[in-house]
1. With +1 on the Cβ of every Lys and Arg and -1 on the Cβ of every Asp and Glu, and nothing else charged, how large is the dipole of the stretch 291-378 about its Cα centre, in debye rounded to the nearest 20?
2. Pick out, from A322, S227, A193, the residue whose Cα sits farthest towards the positive end of the charge dipole of the stretch 187-358, with +1 on the Cβ of Lys and Arg and -1 on the Cβ of Asp and Glu.
3. State the answer as a single residue: which of F258, G350, S292 lies farthest towards the positive end of the charge dipole of the stretch 187-358, with beta carbon charges of +1 for Lys and Arg and -1 for Asp and Glu, about the Cα centre.
4. In whole Å, what three semi-axes, largest first, describe the equivalent ellipsoid of the stretch 187-358 built from its Cα gyration tensor (square root of 5 times each eigenvalue)?
5. Would you calculate the separation in nanometres between label points at R253 and Q329, each defined as 7 Å from the Cα along the Cα-to-beta-carbon direction?
6. From the phi angles alone, apply the Karplus equation (6.51, -1.76, 1.60; θ = phi - 60°) to the stretch 267-273 and give each ³J(HN,Hα) in whole Hz, x where the residue is Gly or Pro.
7. Return the FRET efficiency for the residue pair W343, Y269: r is the Cβ-Cβ distance, R0 is 22 Å, and the value is rounded to the nearest 0.05.
8. Once you have a ≥ b ≥ c as the square roots of the Cα gyration tensor eigenvalues for the stretch 317-357, tell me rounded if a/c is under 1.5, and otherwise prolate or oblate according to whether a/b is larger than b/c.
Amino acid sequence: MKRKFKTDDDDGGGLDSLLDTMTNVVGILVMVLIATQLGVKDAVSRIADSEIVDPAMVEAAREKLLLTKQQRESVEAQLGDLKPIDDSAITVQLADLRRKLDESRANLNQENAVANQFALKIEADTKKADEAKKTIQEMAAAKEKRETLQVDLTKALEEEAKLKALLDDTPAQQAPPPKIVTLPDPRPAPEGAREVTFLCVNNRVYPIAADDWRDTIRKKAEFIVESRRLDGGPAVGVNEEKFMKEFKKLNRRLTDDFFEVELYASGIYPRIKFIPKENDGADEDEVLKPRSRFQKILFVIDKSKYYARYIVLPDSYEVYLAARAISDQAGLLSGWDPQPEGWEYTTYLGGETLFGPKPPPDPNAKPAPPAKPANVID
C-alpha cells in the first residue's frame, strides 16, 4: 500500500480545529466566571438586606459550640476508660440483680401485708374507742336523767303524801246526780207551733226575741225611708249609704237584757245581728235554780203554741244539757241545732226596704213543691 503524506493544506485545517476548540473552552470559562460573580453579588445583596446579627447571640453560639466540644471530649474519655467485659460475667451480674429484685419485691409485699394488718387493727381499735366514748356519754346522760327523775319522784311522793293527808281530813261527799240524756227522736213541730229560740254560747243560755226586734226595727226603717224620701223606686231601691247614716243617727244603740242588736246590709237585703252580752245570759247554776229568770221564761210559755230551739256552740254543751233538762221538766217540746265556734245569730228584716232593684222573677221557673216540714224537735 502506498503511503500518503500530508500536504500544507492539511496542516492548516488541524490548527483551525485546535483554535476552535480552545475558543470554545475559553468561552465556557468566561461564562462560568460571569455566573460565579453574579452568584457572589446576589449573596452579598442578601447578606446586606438581612437583619443585623446580635454579637451576644454570636458569643452564646460560640460558647455552646465550645461546651458541646468539651462534652464530646469527656464522653470520648469515658469510652476510652471502659474495658471490655466478658459476656458471661454480665449474665451473672444480671441474674444476681434479678434475684435481689425478686427478694426486694417479696420483702416489700410482706411489709405491706404487715402494714395492712396494723391498719386494720388500728381501725378496729379506733371504732372500739369511739363506741366506748359514746357509751360513756350515754351513761353520763342517763345518770343526769336518773337524778332528775329521782328529784321529780321525790316531789311527787311528797305531793301524794300531802294529798293523802288532805283526803283523810276531808269528809266524804256524795257524787252529783247523773245527767240523763235522752236519745234524739227528730220530728217536725206540731202544726201551727211557733219557735222560741235560745242561743247557748259562752257557757250561758240567751233567749232571743227575734220576732219582736224584727217588727220594731222594720217600723223604724220604713219611717226613715219615707220621711227622708230615700226610696228611688223599684228600679233603684233605697240609697244604702244615706239610709245607714240616718238610721244610726236616730238609733245609736239597740239593746235588751241579753243582746246588742245591729242592723247591716247583705247585698240588697237588710239583716239583723244579735251580739250576746258576755255576762248577761243564764249560766248553769241559774238554769238549775228553781224560780230563776230562765225557769220563769220556760214555765210561762204556752206549751201548745210554742216549741224551744236551742242553738248550741262547742263551748256551751254542758249548759245546754242543763237547760234541756228543765225544758223536759216543763213539758216544752225542744230541739237543738249545733253550730261551729265563732258562729253568729243573724236573721232577715223583711218588709219593703231593699238596697237596690228587686230581682225579677224567673218566667221559666217551675212552682216549688210544698216543702216537707223540717225536723226541729227531738
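None of the figures in this text is laboratory data; all of them are computed from the coordinates on show. Every value quoted in this text rests on a predicted model; they were computed, and no experiment measured them. Cβ coordinates were reconstructed from backbone atoms using ideal geometry, including for glycine residues, and neighbour counts include every protein chain displayed.
1. Values: 10 positive and 10 negative charges, 92 e Å.
Once rounded to the nearest 20, the dipole reads 440 debye.
2. S227
3. Working it through, the farthest residue towards the positive pole turns out to be G350.
4. Values: eigenvalues 241, 57, 40 Å².
After diagonalising the Cα gyration tensor, the semi-axes are 35, 17, 14 Å.
5. Inter-label distance under the simple model: 3.5 nm.
6. In residue order, the calculated couplings are x, 8, 10, x, 9, 10, 10 Hz.
7. Values: r = 20 Å, r/R0 = 0.89.
E(calc), rounded to 0.05, equals 0.65.
8. Numbers: a/c = 5.27, a/b = 2.13, b/c = 2.48.
Because a/c hits 1.5 or more and a/b fails to exceed b/c, the stretch 317-357 counts as oblate.
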